[in-house]
1. Give the residue that is farthest from residue 235 (Cα to Cα), with candidates limited to residues of the range 72-90 that are aliphatic (A, V, I, L, M) and out of contact with any Asp or Glu (no Cβ under 8 Å at 6 or more places or on another chain).
2. Identify, from the list 121, 116, the residue that is under 30 Å from residue 208 (Cβ atoms) and touching a Ser or Thr at 6+ places or on another chain (Cβ under 9 Å).
3. What number of residues in the range 135-154 are open to solvent by less than 40 Å² (accessible area, probe 1.4 Å), of a type in the set (Val, Ile, Thr) and in a loop (DSSP other than H, G, I, E, B)?
4. Might you check whether a residue that is outside any loop (DSSP other than H, G, I, E, B) and over 30 Å from residue 16 (Cα atoms) occurs anywhere in the range 200-218?
5. Any chance you could count how many residues in the range 155-170 are surrounded by fewer than 13 Cβ atoms within 10 Å (Cβ to Cβ), under 20 Å from residue 199 (Cα atoms) and more than 22 Å from the chain's Cα centre (by Cα)?
6. Is there a residue being open to solvent by 30 Å² or more (accessible area, probe 1.4 Å), in a helix (DSSP H, G or I), under 20 Å from residue 193 (Cβ atoms) and among the hydroxyl-bearing types (Ser, Thr, Tyr) anywhere in the range 105-122?
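The values are calculated or read from the model by the stated rules, or taken from the named source; none is laboratory data. In this text, all values refer to a predicted model and were calculated from it rather than measured experimentally. Don't worry about glycine lacking a Cβ; one is built from the backbone with ideal geometry, like all the others, and counts go over all protein chains shown. Surface accessibility is based on the protein's heavy atoms, side chains included, excluding ligands, DNA and RNA. Shrake-Rupley method; radii C 1.70, N 1.55, O 1.52, S 1.80 Å.
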Amino acid sequence: MQNPNDRQNEVINHLDGPMLVIAGPGSGKTFTLVERTVNIINKRNVQPECILLSSFTEKASAELLSRVSQRLYEENISVNVNEIYLGTVHSICSRILDENLEFTRLKRNYTILDQFGQYYFIYQRIHSFRNLSVISSILSTRNWWANSVEIAGLMNKLTEELVDSQKLLESEDEKLRTLGICLNLYRQYLYEENALDFSNIQYETYQLLTTHDNVLKNLREKISYLMIDEYQDTNTIQEKIFLLISGERQNICVVGDEDQSLYRFRGATVRNILEFQRNFDPGKCKLVVLNENYRSHPKIIDFSNRWMSEQQWEYE
């Protein structure tokens, strides 16, 4: 095992309270998260189900699981790592829903729609949307499949940003009222078919935690430590879910880099990581910057930084 540097050690050993870790490329953030997880289990003697460890992709989550398992084996610590709430945000939310299904609107064997499945789900019902008298205010084409893709994107954005459909319906703006009608219609269809898309996996989890105090209380008592990787790519509803679960303990560590957002090319914001410390009392959230690069040659990094700084990044 490599020896952690001083700043990595800060992250590994700071276990109480909120922490923001800014980790640039090649700075060993995965190594640091793995060591922090092992340290929590070893030093605090907590059970794996008390830890939530989220990464952005299934591949990254699988790597975390593998490396945590290996390190626990090396330390001769015998626990079931599969009990850790480890995975993508969607997979963790799915687990929470499955564990509390009786408190949701879902029935057993509900369907999860992938991206194409969501498009096709809407396409099968596109007449209902196109027959709305004001639908032209939000659609840019007459092609039915393209309409389905457009509607899916709008529904996802509204859901992920926790936009209230009732407020949309009460708006004086025709386009906003139309969005409200579409959102309610879409959710009605999902309910009738016992289905969820990726955005609504998170929405149903948020609804579960905010409308059933006993469920939130039990989850807070169980999960003592939260670690979220690639925090620059989280959205509004994801941050609210994590902060809800962290509760009064506030043992939440988020890791990311505002310069690496995967969705910036879509005009996405990175406000969650930029404003993370504002969620807590002044001085409460520890900030650690991992800036020692173990992957790239310094000359390559310097060239990349100069090139990036000379570009004009404007979204049209």
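1. Taking the range 72-90 as the starting set, the residues that turn out to be aliphatic (A, V, I, L, M) are 72, 77, 79, 81, 84, 86, 89.
Still in the running and out of contact with any Asp or Glu (no Cβ under 8 Å at 6 or more places or on another chain): 72, 77, 79, 81, 86, 89.
Working: 72: 32, 77: 35, 79: 32, 81: 27, 86: 19, 89: 11 Å.
That would be 77.
2. Working: 116 fails: touching a Ser or Thr at 6+ places or on another chain (Cβ under 9 Å).
Result: 121 is the single residue among 121, 116 that is under 30 Å from residue 208 (Cβ atoms) and touching a Ser or Thr at 6+ places or on another chain (Cβ under 9 Å).
3. Qualifying residue count for the region: 1.
4. Keep residues of the range 200-218 that are outside any loop (DSSP other than H, G, I, E, B), which gives 200-211, 213-218.
Of the ones still in play, those that are also over 30 Å from residue 16 (Cα atoms) are 200.
Yes - at least one qualifying residue is present in the range 200-218.
5. Initially, the range 155-170 is screened for residues surrounded by fewer than 13 Cβ atoms within 10 Å (Cβ to Cβ), giving 161, 164, 166-167, 170.
When the remaining residues are screened for being under 20 Å from residue 199 (Cα atoms), the result is 161, 164, 166-167.
Filter again for more than 22 Å from the chain's Cα centre (by Cα), leaving 166-167.
The total comes to 2.
6. First, the residues of the range 105-122 that are open to solvent by 30 Å² or more (accessible area, probe 1.4 Å): 105, 107-112, 114-116, 119-120.
With the extra rule that they be in a helix (DSSP H, G or I), the set shrinks to 115-116, 119-120.
Filter again for under 20 Å from residue 193 (Cβ atoms), leaving 115-116, 119-120.
With the extra rule that they be among the hydroxyl-bearing types (Ser, Thr, Tyr), the set shrinks to 119-120.
Yes, that holds for at least one residue.
Residue-wise test of (1) over 24 Å from residue 224 (Cα atoms); (2) surrounded by 19 or more Cβ atoms within 10 Å (Cβ to Cβ); (3) modelled with pLDDT under 85.
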residue: 236; (1), (2), (3): no, no, no
residue: 246; (1), (2), (3): no, yes, no
residue: 254; (1), (2), (3): no, yes, no
residue: 257; (1), (2), (3): yes, yes, no
residue: 260; (1), (2), (3): yes, no, yes
residue: 270; (1), (2), (3): yes, yes, yes
residue: 281; (1), (2), (3): no, no, no
residue: 286; (1), (2), (3): no, no, no
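For every residue, the table says whether it meets (1) modelled with pLDDT under 95; (2) surrounded by 14 or more Cβ atoms within 10 Å (Cβ to Cβ).
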{"site": "3", "(1), (2)": "yes, no"}
{"site": "12", "(1), (2)": "no, yes"}
{"site": "17", "(1), (2)": "no, yes"}
{"site": "29", "(1), (2)": "yes, yes"}
{"site": "33", "(1), (2)": "no, yes"}
{"site": "56", "(1), (2)": "yes, yes"}
